[in-house]
1. Rounded to the nearest 10 degrees, what's the angle between the helix B:213-235 long axis and the longest principal axis of chain B, both from Cα atoms, 0 to 90?
2. Just want to confirm a number: the relative contact order over the stretch A:48-166, from Cα pairs under 8 angstrom separated by 6+ residues, in percent.
3. How many nm separate the modelled label positions at residue B:205 and residue A:211, each set 7 Å beyond the Cα in the direction of the Cβ?
4. Please identify, among B:220, B:61, B:237, the residue showing maximal mean-square fluctuation in a Gaussian network model of chain B using a 10 angstrom Cα cutoff.
5. Simple spin-label model, 7 Å along Cα-to-Cβ: residue A:36 to residue B:129 in nm?
6. Pick from A:153, A:174, A:71: which is most flexible by mean-square fluctuation in a GNM of chain A where alpha carbon atoms under 10 Å apart are linked?
7. Take every Cα pair under 8 Å in chain B that's 6+ residues apart, average their separations, divide by the length, and report that relative contact order as a whole percent.
8. At 7 Å along Cα-to-Cβ for each site, give me the label-to-label distance between residue B:74 and residue B:2 in nm.
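Please treat every number below as a calculation from the coordinates, not as lab data. Predicted, not measured: the structure shown is a model, and the values here were computed from it. Neighbour counts run over all protein chains shown; Cβ positions are idealised from the backbone, glycine included.
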């Protein structure tokens with residue numbers, strides 16, 4: 001999976017390099033470190049173009065498989081009836097643009113480059129009974145991600161500073177998933193993409209949190225026993241002050 | 001607001017909110033000797049903890065809360081160690097059987113429905129019976145001749161009779177053994193501690209004095225919760241020890257207050273309160289099954 005991702009990134013870089021004239025962009029930081037006091041953060045996207053045009057940026061979190069269940073009423077009781085599993089679902093999605101998306105990108109371009117939540121293409125769910133059912137589940141999945149604040153429905157704003165320099169702030173909520181993100185930046189002129197660039201961004205736990213998380217995966221049994229013993233000792237300690245009551 | 005990032009749950013939550021949540025559940029646990037997992041898990045899910053992490057971490061904090069509560073009751077002499085060990089023995093066998101049964105039911109599909117329906121039914125009957133009994137006892141208190149401590153039935157004719165001194169009982173050891181087994185099966189299948197069924201059953205089925213029940217129940221919950229915590233940590237890596245610890249700090253304070261408060265209540269009042277809570281949970285379960293949900297769809301990430 002990681003190898004594929006790296007290859008993909010390299011290919012994207014190569015492609016960007018081949019036609020990078022016209023657009024240069026970078027992030028203020030390529031690492032979002034999640035520490036114990038993490039409450040969300042923002043990263044600045046900045047860059048320059050070689051002339052007038054619009055800039056669109058897409059931020060996608062690492063992809064994972066998501067299954068979505070629907071409840072149905074059978075004999076007066078609501079129960080989980082149907083589940084579909086979608087693959088390649090980005091764990092985070094945000095779009096930023098210099099102007100409202102519909103003014104910059106025609107529908108065909110939105111579909112091609114997956115600009116906007118509505119244009120997201122997901123894999124899987126082959127066992128859907130009909131295209132209509134698949135669409136229904138797809139829409140419910142998007143709604144849920146929006147509700148969690150992981151898919152940003154409103155397009156963020158990219159501002160031009162003068163004619164060529166642009167700058168935007170990408171906000172990450174406190175429940176931002178960890179992993180390798182991809183920030184795609186497009187330069188659009190006369191309703192056509194003339195240049196594109198891709199930049200990676202890593203969101204990762206650091207410090208004690210990362211150590212705990214890693215330990216819990218590597219030494220699951222030891223972690224479980226420690227967690228149980230720790231709780232028991234904490235319970236015992238806490239009862240001491242009340243002993244003579 | 002003081003947010004802390006939880007390493008396994010992978011969300012930031014307010015420490016004070018978690019402390020308050022722990023304390024509220026701790027009070028309940030201290031008074032009645034029930035774990036409170038049935039309340040804690042949904043509340044954690046509500047504030048944004050992933051469901052699997054919420055259930056596993058509740059079990060983790062339950063260990064500490066039960067140790068603290070059981071010790072408080074033990075110091076007051078309200079713990080029947082002998083009875084607790086027999087219940088535990090049955091409980092461990094029951095959980096092993098329950099884990100097997102769970103896998104079997106899941107293969108057959110619709111396990112959630114079977115669980116919810118049977119639990120709702122069980123709690124409704126239990127709650128109603130307890131309510132009638134305790135209200136009746138309160139009304140009788142004014143002068144009417146006292147009944148015997150408990151009625152003798154065929155249950156008392158079973159073999160392997162043992163004298164449980166603290167509980168002032170002379171009954172067959174098979175009774176608590178089977179009860180422990182049944183609750184063990186239930187907690188393994190439902191993923192809750194089972195205190196809700198254990199406590200009323202100890203009062204009405206075994207005829208234990210109400211004062212001894214919470215401590216004895218808490219004692220055996222310690223071990224059930226420990227087993228669940230280790231199993232979850234190994235199988236699913238869903239135990240957030242930091243979350244459990246924060247909940248625990250609030251929980252132990254609540255449990256101490258609760259056990260002190262509970263000691264001051266009269267037996268029938270305690271039982272009536274417990275009946276109310278059991279009924280409330282039953283109503284909630286029935287509502288979940290029959291009221292159209294706000295959101296028909298539920299997302300869950302698929303672990304690769």
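1. Its long axis makes an angle of about 30 degrees.
2. After rounding, I find 33 percent.
3. Each label point is offset 7 Å from its Cα along the Cβ direction, giving 4.7 nm.
4. Sorting by GNM fluctuation, first place goes to B:237.
5. 4.9 nm
6. Among A:153, A:174, A:71, the largest mean-square fluctuation in the Gaussian network model of chain A belongs to A:71.
7. 39 percent
8. Each label point lies 7 Å from its Cα, and together they span 3.1 nm.
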